[in-house]
Amino acid sequence: MAIVSVIQSAVSAQISQLYQVNIEPSSITVSETKPEFEGDYTVVLFALLKTLKKKPEELGTELGQALVAGNAALFSGFNVIKGFLNLAVSDSWWLQFLKEQYNNADYGRQPRNGQRVMVEYSSPNTNKPLHLGHLRNNFLGWSVAEIYKANGYEVVKTCIANDRGIHICKSMIAWQRFGNGATPESTGIKGDHLVGDYYVMFGNVLKEQMKPILEKKLAALIADGKTEEEALKYLKDKKDELEKEAEIMQAAQQMLVDWEAGKPDVVELWRTMNSWVYKGFDETYKRIGSNFDKIYYESETYLLGKDLVEEGLRKKVFFLKDDGSAWVDLTGDGLDQKIVRRRDGTAVYITQDIGLAHEKQKEFHCNRSIYVVGDEQNYHFKVLKLICQKLGIEGADGIYHLSYGMVELPTGKMKTREGTVVDADDMLDEMIREAKKKREEKEKELNKTAELSAAELQELDEIVGSGAIKFFLVRVDPQKRMIFNPEESIDLHGFTATAVQYTYARTQSVFRKEMYTGGEPGADLLPLEKEMIIKLERYADIIRQAGDEMNPSAIAGYVYEVAKLYNSFYNEHSILKAETPVKKELRLQINQMTAHVIKSGMALLGIRVPDRM
């Protein structure tokens, strides 16, 4: 049992004995004591005062005395400051904890709880390669899934491939016109990159075709009496509508009509180009460690939901407007009206999402369904959950949108159509090169040659480079937007994976020199020894917190704190030349548990830790 739970139970039992009042342990607030006060854990008394009819100082003193007297193996002292009871946990409790857990590689992980969670992430368009934004999405989704597993849930990882629509047709038209039969094999270009190049090419051609159209429109607007500023604003607002006048856009729109009609040559081209992209995606997923239990394809799901619209109309959840379109009125829920079916009977995005939510639930019966999607879709998922609840779809209450902020570069936002997006593969390659550069600089600085083979050095650079980008993208609270700086992400002395990996390698260097003596770790704990054990014990709570909040940054922040504290401990106290055999055994156990916790925590983020750096 975690120390906080132990303290809650002890306080609850003592209150019952002293005052004959039963208070649930979970309702007692216990937190780490602030550094400026003496003690390890603090019981907040304010919520108990009214029930127990006591003043803060009086209650704290009575409770503290009783806890220390009745739990000598747990508490060694206390002090009271206003409404806070600060308790010192005895060294013997910490030593017993360390003895039981130091060699437990699974410490912090919970047994199966019988509940199932689905995490949907990645969800790329098949007209371009995965980019830096997709990396944050994948790392968040994969890590949240692993954190749920560590909390005892069965997890289903899914992805929806957006493989239909006008964006796909843009790449197809550009390839038809300018590709000259190019394939990934003939060009040596990875399939998703090749298709993405034609999407960018489409954008460039569209821009050229729009110039005369916009010039003509601008002249006409000014002739009608608008100022140039007013005319330019109008053109900007009508951009999407005006683009439909461009010949290449009309060709793409016609291709979409032909695809939906099942025209054989269009469907064959669509299948061929998508196969190139999927092969490219698979290579990238393998590099970044992403995997899925099931992939859904929009081309197979976009008709889902139509029956549910009919059901919703019968149940009066939806209503028909005069033009025959179907809508839902969410004004009573603080939103507005939302279309769920066009007047011609075709589905909109929310329609297929309702249908897919229903299908996924029928197949997997999950207690919670998490969608990892950028914060620009916040409104969409509020609507989706409300509609599913109103339709009575199983599991609707468990729908949760894990909203995350966009990733930007120091140079600003990325735009796919303009070719300013950073491809995931290119970024990974850059990070591995940066890792190699930093390693070689360090070797030169220390005038040392690495004691590893060329193959081992290459693997080390990959571990450090890929770990750097993963850690940097998950160390920030998901809801916050962020700027990715490649050089900052690999700083050995910063809040980085590299710093944590180096600390792990340091723990392993100890064991290359000596393992356990077999002695019994005892005696009083020195401040840093005790602080290390307290920090390590918190790992189980951090895993629970990260799961409750769906926030991998809680894990990232924690493992960095462990690494930083361990480095202070390592520099202050010799492990191999400890004062006594008892102290040596104690510090070896702290070293081992530190290694287990760092390796386990980093694994929840999808990051490997090397034995040597």
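When A595, A563, A578, A554 are checked against the criterion of being small (G, A, S) and within 22 Å of V119 (Cβ to Cβ), a single residue qualifies: A554.
Looking only at the range 574-602, filter to residues that are aliphatic (A, V, I, L, M) and over 17 Å from Q501 (Cβ atoms); which one of those is surrounded by the fewest Cβ atoms within 10 Å (Cβ to Cβ)? Once the filter is applied, the top-ranked residue is L576. Among the residues of this structure, M255 counts as one that is part of a helix (DSSP H, G or I), more than 36 Å from the chain's Cα centre (by Cα), surrounded by 14 or more Cβ atoms within 10 Å (Cβ to Cβ) and among the hydrophobic types (A, V, I, L, M, F, W, C).
Only one entry of G262, G289, G305 meets the criterion of being of a type outside the set (S, T, Y) and over 19 Å from R164 (Cβ atoms), and that entry is G289.
If I filter the range 101-160 down to residues being charged (D, E, K, R) and not in a loop (DSSP other than H, G, I, E, B), which single residue comes out as modelled with the lowest pLDDT? Selected residue: R136.
In the range 207-229, the qualifying residues are those that are surrounded by 12 or more Cβ atoms within 10 Å (Cβ to Cβ), free of Cβ contacts under 8 Å to residues at least 12 places away in the same chain and over 42 Å from the mean Cα position of the chain (by Cα), and the one that is farthest from M249 (Cα to Cα) is K226. V328 meets each of the listed conditions (1) within 30 Å of R136 (Cβ to Cβ); (2) surrounded by 14 or more Cβ atoms within 10 Å (Cβ to Cβ); (3) touching a residue at least 12 places away in the same chain (Cβ under 8 Å); (4) not charged (D, E, K, R) apart from (1). Only one entry in N567, N551, N571 is more than 21 Å from V89 (Cβ to Cβ), out of contact with any Gly (no Cβ under 7 Å at 6 or more places or on another chain), crowded, with 21+ Cβ neighbours inside 10 Å and polar (S, T, N, Q), namely N551. Within the range 387-396, the set of residues being closer than 18 Å to G334 by Cα, touching a residue at least 12 places away in the same chain (Cβ under 8 Å) and surrounded by fewer than 19 Cβ atoms within 10 Å (Cβ to Cβ) comprises K390 only. Assess whether A145 counts as being surrounded by fewer than 16 Cβ atoms within 10 Å (Cβ to Cβ) and either in the same structural domain as I555 (by TED's automatic domain parsing) or over 28 Å from R271 (Cβ atoms) (or both). Answer is no for this residue. Restricting F292, F281 to residues that are in a loop (DSSP other than H, G, I, E, B), aromatic (F, W, Y) and either farther than 24 Å from D397 by Cα or touching a Lys or Arg at 6+ places or on another chain (Cβ under 6 Å) (or both) narrows the list to F292. Just a yes or no: is a residue in the range 21-42 of a type in the set (S, T, Y), touching a helix residue (DSSP H, G or I) at 6+ places or on another chain (Cβ under 8 Å) and crowded, with 18+ Cβ neighbours inside 10 Å? Yes, some residue in the range 21-42 is of a type in the set (S, T, Y), touching a helix residue (DSSP H, G or I) at 6+ places or on another chain (Cβ under 8 Å) and crowded, with 18+ Cβ neighbours inside 10 Å. Does at least one position in the range 44-66 carry a residue that is part of a strand (DSSP E or B), touching a Phe, Trp or Tyr at 6+ places or on another chain (Cβ under 7 Å) and of a type outside the set (S, T, N, Q)? Scanning the range 44-66, I find at least one residue that is part of a strand (DSSP E or B), touching a Phe, Trp or Tyr at 6+ places or on another chain (Cβ under 7 Å) and of a type outside the set (S, T, N, Q), so the answer is yes. With the condition kept exactly as written, say whether any residue in the range 369-381 is over 22 Å from R481 (Cβ atoms), outside any helix (DSSP H, G or I), in contact (Cβ under 8 Å) with a residue 12 or more places away in the chain and not charged (D, E, K, R). Yes - at least one qualifying residue is present in the range 369-381.
Under the condition of being surrounded by fewer than 20 Cβ atoms within 10 Å (Cβ to Cβ), modelled with pLDDT of 95 or more and hydrophobic (A, V, I, L, M, F, W, C), the residues counted in the range 336-355 number 1.
You will find that of G70, G77, the residue that is more than 19 Å from V21 (Cβ to Cβ) and of a type outside the set (K, R) is G77 and no other. Checked across the range 603-612, the condition of being surrounded by fewer than 17 Cβ atoms within 10 Å (Cβ to Cβ), among the charged types (D, E, K, R) and closer than 25 Å to V464 by Cβ holds for at least one residue.
Contact map, the range 265-291: residues that are touching a residue at least 40 places away in the same chain (Cβ under 8 Å) paired with residues that are part of a loop (DSSP other than H, G, I, E, B), Cβ distance under 6 Å, separation 6+ or inter-chain. Pairs shown: N274/T126; N274/D163; V277/T126; G280/K190; T284/L130; G289/G606. Being in contact with a strand residue (DSSP E or B) (Cβ under 8 Å, 6 or more places away or on another chain) and either under 24 Å from Q479 (Cα atoms) or in the same structural domain as K480 (by TED's automatic domain parsing) (or both) is a property that M593 lacks. Under the condition of being more than 17 Å from T158 (Cα to Cα) and either free of Cβ contacts under 8 Å to residues at least 60 places away in the same chain or among the polar types (S, T, N, Q) (or both), the residues counted in the range 293-310 number 7. Residues that are outside any helix (DSSP H, G or I) and of a type in the set (S, T, Y) were ranked within the range 67-100; the one that is surrounded by the fewest Cβ atoms within 10 Å (Cβ to Cβ) is S76.
The values are calculated or read from the model by the stated rules, or taken from the named source; none is laboratory data. What you see is a predicted model; the values in this text were computed from it and never measured. Cβ atoms come from the backbone with ideal geometry, glycine included; neighbour counts cover every protein chain shown.
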